[in-house]
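In what follows, a single structure is set out as structure tokens and then discussed.
Only the coordinates and a few stated rules stand behind these numbers; no lab work does. Keep in mind the model is a prediction, meaning the values are calculated, not measured. Counting neighbours? That spans all protein chains shown, and the Cβs are built from the backbone with ideal geometry, glycine included.
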Amino acid sequence: MVGINYRVPVIDAAKCQACRQCLARKACRLKALAQFEAHELPYVDRELCRGCLLCLAECPFQAIVAE
Ligand code: SF4
Ligand code: SF4
């Protein structure tokens with residue numbers, strides 16, 4: 001299995017407000033930031049994410065952090 005050599009962000013559950021629609025999702029052109037239901041914590045699809053970290057700045061609660 002080939003490991004990834006870039007940082008994939010994670011959702012800090014203690015900070016995430018589980019917005020109705022995650023505001024940071026629009027930053028991800030790869031649609032790697034997913035949210036199945038409104039008011040659910042989003043998650044990062046590690047298969048799709050390429051570690052650009054653009055989504056970090058889009059969360060007004062600083063709930064997306066780079067590992
Ligand atoms: S990551 Fe940020 S923008 Fe997205 S649901 Fe959580 S608090 Fe809202
Ligand atoms: S780091 Fe980039 S590719 Fe990964 S979820 Fe955030 S915006 Fe999408």
Note to self: I need the calculated FRET efficiency for the pair Leu23 and Arg50, taking r as the beta carbon distance and R₀ as 22 Å, to the nearest 0.05.
What the structure shows: 0.60
Note to self: Taking loop as defined by DSSP and a crowding limit of 15 other beta carbons within 10 Å, which trypsin sites (Lys or Arg not before Pro) in segment 3-36 fit?
What the structure shows: Arg7, Lys15, Arg20, Arg29, Lys31
Next item on the list: Using only alpha carbon positions, build the gyration tensor of segment 13-67, then give the equivalent ellipsoid semi-axes as the square roots of 5 times its eigenvalues, largest first, whole angstrom.
Entry: 16, 13, 10
Notebook entry, point to check: Remind me, relative contact order of segment 14-67 in percent, using alpha carbon pairs under 8 angstrom and six or more residues apart?
Noted result: 39
